[in-house]
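A quick write-up on the structure given underneath.
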């Protein structure tokens, strides 16, 4: 079995590493900021897990193909850890040339370059505790596996949109809409609270792909969802977690002459070295 | 003090909790002294088997099979957590958690990280917080050990609220719009003014000076019976932001000396119901005084539709016929303040928010931007998107932090009430223009209409106008 967890919506991928561009971080967590009108949700196929615990009350939602999905609001389950049974090796992330503003080949879309760091967005590091960080509404600890970016934002002409980051000396680059976690050749996937309440569990030997997502999107679809977007103002919500370095959030602004098709509610990367001293790894200098 | 990630928790412990099924469930009537609290706040805990009591239950001690904790208000989130008798511990490799000199009951290694443990702290007596604090201090005296309390969370109110309120925040409540200086300059806090709030319902609390109230159904006649007013938090916070008087909790509205007219509409907020409410507020039946200003933070349920002629006419009539009893040749008009759409979008054309005679108030950030409210045609100005509001449950009051355009519009209406208190014969149209002109101008990119509400400049400018 292969598990594919899509991380979408406003969230921070916190990586414990001494390398500012970690390829094999020691630990990875999805931290979801407690943002206005956003909901942290775990979504899966209800055929995969019929929850035995009566306290779990996922909503039944329906995908565009008519597929029924279970959608669990994490309000009461904000602190979760995922395990995949046998040791899946190491964490693995791929990085490309930091000077490259957009992917050149399709595989380049997997580079973590396209997930802006907190520092690039103008935020200070925040303390990474063992439990739920201050200002977070949920935290999911990931097991070892491969992590990559996906769905780099395109315009209507299928060109990569570029964004200028005023808080990173004018850095210009593309931005991904999602992050993907995957682990292959596993027989078990568990997502549980620290005291053992399983909010998701599958145990089987198969070759299929098990699909899950953790998201933090707006409660409702805004009426301007398909309107062009000039700047990634939405990322200001990360201030629930991290302090804005100079007090004024300067959102990445659209640099490409073309316009995006729709607003995105995306992620940021946060690399910290240890839990105990809470200091962040200094970012590499980036240039446009 | 207990901390997570170095950040103090500031837990406000309110109940003892046991997870064995003993003790009564807390029903909503018994939660008054927990502050702003609804059944759903605690429902999830109670479904999980937790029971709470004011005094320590007989088996309130560590080391048994009984799971114990303290119900607490969480310092940074509105809602409740349970402080458990367990700690989360991260150890250096090859260190045994039981070798660290702390008495533990059950110790579980967490499956997701080999060096993480969930350990139950053994103690006796009722002071759980001190026991946990001591255990954490003892653990962290060992090099490389990190320990934190284990909380059980329930962020049920996470979506609509901010956090708890510090004394500093209360003190600075009105700084953003310079209201305290405005009170000083005006020498009044809204005396003699009637402010109407249209919402889904209200807690008819003693901290609100209510002149009269009514329930307006979509069809049929209004009812003036207080028993027909449902207790709805949203309405209470809007009313409190305009006219909460000093009370048990020292958070007042922008114009605490106003008299409030509270008009509840049916939960299906059709344009017909809201139009009827506006008419009733501005030109009421019988000998009830009409409103000098009206504030509405509701969205008509037919938001997608253009504003109906009925609602448009109701606003027009309020402006034309409101305040007709002041001895002037023509009625002075009642200004209608309306909360902007609570999304960062261009205000949809043809909606009530865009309708010119309505004073549409958006929500500003600390830096004056309005990233989380509408912009474009129709937006008149902004007011702070975050404010401490009076939250009321039953007979007890609490304070909390709320965000959104629903918070912004009543602040503007409150400032309008201050102006009318000093210049009671000012026309409604002049009042709206005066407030807009006195706003702090913003960078054009801020999409802030005339800028951000400034109560001091507004009142100062008003005093330049002949009475």
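The values are calculated or read from the model by the stated rules, or taken from the named source; none is laboratory data. None of these values were measured; they are calculated from a predicted model. Quick reminder, even Gly has a Cβ in these numbers, built from the backbone with ideal geometry, and neighbours come from all protein chains shown.
Condition check ((1) closer than 30 Å to residue B:88 by Cα; (2) free of Cβ contacts under 8 Å to residues at least 60 places away in the same chain; (3) away from chain B (no Cβ under 13 Å)) across all residues:
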{"position": "A:107", "(1), (2), (3)": "no, yes, yes"}
{"position": "A:130", "(1), (2), (3)": "yes, no, no"}
{"position": "A:147", "(1), (2), (3)": "yes, no, yes"}
{"position": "A:175", "(1), (2), (3)": "no, no, yes"}
{"position": "A:191", "(1), (2), (3)": "yes, no, no"}
**Complete:** (1) assigned to a helix (DSSP H, G or I); (2) at the interface with another protein chain (Cβ under 10 Å from one of its Cβ atoms) all hold for residue A:167 apart from (2)
**Item:** Residue match in the stretch B:308-315 (condition: under 26 Å from the mean Cα position of the chain (by Cα) and in the same structural domain as residue B:221 (by TED's automatic domain parsing))
**Value:** no
**Prompt:** Out of the stretch B:325-352, which residues are touching a helix residue (DSSP H, G or I) at 6+ places or on another chain (Cβ under 9 Å) and closer than 29 Å to residue B:288 by Cβ?
**Reply:** B:330, B:331, B:332, B:333, B:334, B:335, B:336, B:337, B:338, B:339, B:352
**Fill in**
Within the stretch A:195-220, of all residues that are under 21 Å from the mean Cα position of the chain (by Cα) and within 10 Å of chain B (Cβ to nearest Cβ), the one farthest from residue B:117 (Cα to Cα) is A:220
**Complete:** By residue number, the members of the stretch B:107-119 that are outside any loop (DSSP other than H, G, I, E, B) and either surrounded by fewer than 17 Cβ atoms within 10 Å (Cβ to Cβ) or under 37 Å from the mean Cα position of the chain (by Cα) (or both) are B:107, B:108, B:109, B:118
**Asked** Tally time: how many residues in the stretch B:227-272 are modelled with pLDDT of 85 or more, crowded, with 24+ Cβ neighbours inside 10 Å and assigned to a helix (DSSP H, G or I)?
**Response** 7
**Request:** Would you mind stating whether residue A:25 is without any contact (Cβ under 8 Å) to a residue 60 or more places away in the chain and in a loop (DSSP other than H, G, I, E, B)?
**Result:** no
**Request:** Could you identify the single residue in A:172, A:147 that is touching a strand residue (DSSP E or B) at 6+ places or on another chain (Cβ under 6 Å) and closer than 30 Å to residue A:89 by Cβ?
**Result:** A:147
**Asked** Hey, does the stretch A:158-172 have a residue that's surrounded by 19 or more Cβ atoms within 10 Å (Cβ to Cβ) and over 22 Å from residue A:234 (Cα atoms)?
**Response** no
**Asked** Within the stretch A:41-138, which strands (runs of 3 or more DSSP E) (wholly inside it) include 3 or more residues that are touching a strand residue (DSSP E or B) at 6+ places or on another chain (Cβ under 8 Å) and loosely packed, with under 15 Cβ neighbours inside 10 Å?
**Response** A:59-62
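Conditions tested, residue by residue: (1) part of a loop (DSSP other than H, G, I, E, B); (2) within 14 Å of another protein chain (Cβ to nearest Cβ); (3) touching a residue at least 24 places away in the same chain (Cβ under 8 Å).
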residue: B:323; (1), (2), (3): yes, no, yes
residue: B:326; (1), (2), (3): yes, no, yes
residue: B:331; (1), (2), (3): yes, no, no
residue: B:338; (1), (2), (3): no, no, yes
residue: B:342; (1), (2), (3): yes, yes, yes
residue: B:349; (1), (2), (3): yes, yes, yes
residue: B:352; (1), (2), (3): yes, no, yes
residue: B:355; (1), (2), (3): yes, no, yes
residue: B:363; (1), (2), (3): no, yes, yes
**Residue in the stretch B:31-39 that is within 14 Å of another protein chain (Cβ to nearest Cβ) and either surrounded by fewer than 21 Cβ atoms within 10 Å (Cβ to Cβ) or modelled with pLDDT under 80 (or both) present** = yes
**Message:** Among the residues in the stretch B:427-440, are any surrounded by 21 or more Cβ atoms within 10 Å (Cβ to Cβ), in contact with a helix residue (DSSP H, G or I) (Cβ under 6 Å, 6 or more places away or on another chain) and not in a helix (DSSP H, G or I)?
**Reply:** yes
**Message:** As an exercise: evaluate residue A:87 against (1) at pLDDT 95 or above; (2) over 22 Å from the mean Cα position of the chain (by Cα) and give the number of the one condition it does not meet.
**Reply:** (1)
**Message:** Can you confirm whether residue B:94 is at pLDDT 70 or above and either within 11 Å of chain A (Cβ to nearest Cβ) or surrounded by 15 or more Cβ atoms within 10 Å (Cβ to Cβ) (or both)?
**Reply:** no
